[in-house]
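The values are calculated or read from the model by the stated rules, or taken from the named source; none is laboratory data. None of the values given here were measured: they were computed from a predicted structure. Cβ sites come from the backbone with ideal geometry, for glycine too, and all protein chains shown count toward neighbours.
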Amino acid sequence: MATLELGVLISGRGSNLQAILDAISRGKLDARVRVVISNCPAAPGLERARSAGVPANVIDHRDFRGREPFELAVISVLREHGCEWVVLAGFMRVLTPTFLAAFPWRVINIHPALCPAFPGVDAQAQALAYGSRVTGCTVHLVDRGVDTGPILAQSVVPVLSEDTRESLAARLLAREHELLITVLGWVAEGRVEVDCRPTPDERPLVTVRGVVPVLGLCTE
């Protein structure tokens, strides 16, 4: 299969970006990060990109009147750099149909919860507040909802009695790094198949060929 040509969108520290860059460097992932884009000028992840020799662009959403003009600017940069897939690695913006139509079913997100549980911001605190005994992370394709897209893989992390938001988040983050690289590897190998023929709920049929769909499910 052809090398994955990735664009990575970030808003903060970029630890999942670093996991991607490290996996590529070690030969564990057949991909190239063509460009990293942040909507936050002070995002630490921008320096991670520059240190790896990857173009790092700032497109501040506050400079635009509305989501779509902002997204059109992001799309332009991604296309300029030849990106075919987009990874949301801690990107704190909800995408509109304008963006999703530019990369149909080629936008991947990682969320620190077992979707559909605890969508949106601070899923770790949501899990603790709910009293969950387990939580985890999900890699999914992005649709018009918030963390509602077709699930590619999930990984379970137990919630310990002594957990704080910070301790739980740290364990989840380590698992996110592993799961994201695993799924991107499946994409690079051509195992992720999306059938976009109309369905009653307008969702595509997504299969991961050659692996059990719950392969990403594991416990500590």
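Some observations on this one:
- Unmet criterion (only one of (1) among the small types (Gly, Ala, Ser); (2) in contact with an Asp or Glu (Cβ under 9 Å, 6 or more places away or on another chain); (3) within 23 Å of Val94 (Cβ to Cβ)) for Ala31: (3)
Condition check ((1) touching a residue at least 40 places away in the same chain (Cβ under 8 Å); (2) more than 15 Å from the chain's Cα centre (by Cα); (3) part of a loop (DSSP other than H, G, I, E, B); (4) surrounded by fewer than 21 Cβ atoms within 10 Å (Cβ to Cβ)) across all residues:
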position	(1), (2), (3), (4)
Ser76	no, yes, no, yes
Val94	yes, no, yes, yes
Pro119	no, no, yes, yes
Leu128	yes, yes, no, yes
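- Candidate set: the stretch 133-161, residues that are surrounded by fewer than 20 Cβ atoms within 10 Å (Cβ to Cβ) and among the small types (Gly, Ala, Ser); chosen: the one nearest to Pro97 (Cα to Cα): Gly145
- Tallying residues that are assigned to a helix (DSSP H, G or I) and either over 14 Å from Trp85 (Cβ atoms) or in the same structural domain as Leu184 (by TED's automatic domain parsing) (or both) within the stretch 18-53 yields 13.
- Residue satisfying all of: in the stretch 97-116; touching a residue at least 40 places away in the same chain (Cβ under 8 Å) and assigned to a loop (DSSP other than H, G, I, E, B); surrounded by the fewest Cβ atoms within 10 Å (Cβ to Cβ) among these: Pro104
- When Gly45 is tested against the conditions (1) closer than 22 Å to Ala2 by Cα; (2) crowded, with 17+ Cβ neighbours inside 10 Å, the lone failure is (1).
- Checking the stated criteria, Leu179 turns out not to satisfy the condition of being in contact (Cβ under 8 Å) with a residue 60 or more places away in the chain, closer than 24 Å to Val36 by Cα and touching a Pro at 6+ places or on another chain (Cβ under 6 Å).
- The number of residues in the stretch 19-33 being surrounded by fewer than 21 Cβ atoms within 10 Å (Cβ to Cβ), free of Cβ contacts under 8 Å to residues at least 60 places away in the same chain and touching a helix residue (DSSP H, G or I) at 6+ places or on another chain (Cβ under 8 Å) comes to 1.
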